[in-house]
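A quick write-up on the structure given underneath.
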Amino acid sequence: MLNYLIMPWYVAAPEVQVPKVTGMNQMQAMQILEENDLEGLIGDTTFDSRLKTGYIVIQKPQAGDIVKEGRRVYLVVNGGSPKARVPDLKGKSVVDAKFALERVGLKLGDTIFAPSQTPKDIIISQEFVSNTELRKGQTVNVTVSSGAEKGTLTIPDLIGKSLTEAETILAALKLRVGKINYQPSFQLLPNTIIDHYPTAGMKASEGDFVDLFVTKLVDIKEESERW
């Protein structure tokens, strides 16, 4: 069959000259080849930012070659700038993110710090979501945790409250009782808050200490001896 039918047909098939399609866009190249009884086939994609995207940069057989009608002409099309997929950077340190980006041909861009419950210096958001396709060499900005925001808690007014009440209020705000300074008083019950620092209305952060000034029982004997 091969010797008596296919080979004689192939040998006797009309020949055509391969036209030049390099420098044309993909659609034009396919049309020109079809008009010359040839079959265009995209064989590969190259990336070159200096050339037009979607244009043919290589053809094989080359222009001017004599081939049989119906021959496939393999084409290499320019895909523009090389592409890279953005890795997931959230939860990484800045150093780890820099290496992860460089491995795929991208660069770390601006680093913006923002308060967060996430540990300090850990990335909490990124400019492009993971798997976004970018040009190689493009930068990716990230937002990094600066730790818990400072000065977000307002010191309550504790004056006149008992020591137990003050401790409960401060614990609810995640503040801690600092130094307790006892002072004698004839007018107020023992363990009454008469002052504190920071004072009411001032700002503090979680875990900060609040020093208390508290009344204590007056020792009559001690007071009389003073006079």
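Bear in mind that the values in this text are calculations on the coordinates, not laboratory data. Given the structure is predicted, the values throughout are model-derived calculations rather than measurements. In this analysis, Cβ positions are derived from the backbone assuming ideal geometry, glycine residues included, and neighbour counts consider all displayed protein chains.
Just a few scattered comments:
- Length gained on full extension, Asp211 to Thr22: 59.9 nm, using 0.36 nm per residue less the C-alpha separation.
- Residues whose amide H falls under 5 Å from that of Val214, counting only those 5 or more places apart or on a different chain, are Asn181, Tyr182, Gln183, Ile194, with hydrogens built in the peptide plane.
- Options Pro198, Ala166, Ile180, ranked by Cα towards positive dipole end of the stretch 153-221, top entry (Cβ charges): Ile180
- For the stretch 35-80 versus the stretch 85-124, the gap between their alpha-carbon centres in whole angstrom: 41 Å
- Taking label positions 7 Å along the Cα-Cβ direction at both Lys52 and Asp65, the computed distance is 2.4 nm, reported to one decimal.
- Mean separation of Cα contacts under 8 Å, 6 or more apart, over the residue count of the chain: relative contact order %: 14 percent
- Rough spin-label spacing in nm, given labels placed 7 Å along Cα→Cβ, for Thr164 and Asp96: 4.8 nm
- Cα-based reach from Lys179 at 20 Å (exclusive), listing aspartates and glutamates while leaving out same-chain residues under 8 positions away: Asp157, Glu165, Glu167, Asp195, Glu206, Asp208, Asp211
- GluC sites (Glu not before Pro) within the stretch 122-179: DSSP coil, no more than 13 neighbouring Cβ in 10 Å: Glu149
- Cross-link reach list, aspartates and glutamates versus Lys92, counting only Cα pairs under 13 Å and skipping chain neighbours closer than eight places: Asp121
- Across the stretch 153-221, C-alpha contacts under 8 Å between residues 6 or more apart give a mean separation that, scaled by the residue count, equals a relative contact order of 45 percent.
- The candidate values were (i) -0.22, -0.29; (ii) -0.18, -0.24; (iii) -0.56, -0.62; the one computed from these coordinates for log10 I(q)/I(0) by the Debye sum over Cα atoms at q = 0.07, 0.08 Å⁻¹ carries the label (iii).
- Estimated 222 nm signal from helices in the chain, with DSSP H stretches of n ≥ 4 weighted -39500 (n - 2.57), rounded to 500: -5000 deg cm²/dmol
- Set of aspartates and glutamates near Lys136 by C-alpha distance (under 15 Å), chain-local residues within fewer than 8 positions excluded: Asp48, Glu102
- Measuring r between the beta carbons of Ala171 and Val129 and using R0 = 45 Å, the FRET efficiency lands at 0.65.
- Scanning the chain for trypsin sites (Lys or Arg not before Pro) lying in DSSP loops with no more than 14 further Cβ atoms inside 10 Å, the longest uninterrupted stretch between such sites is 53-119.
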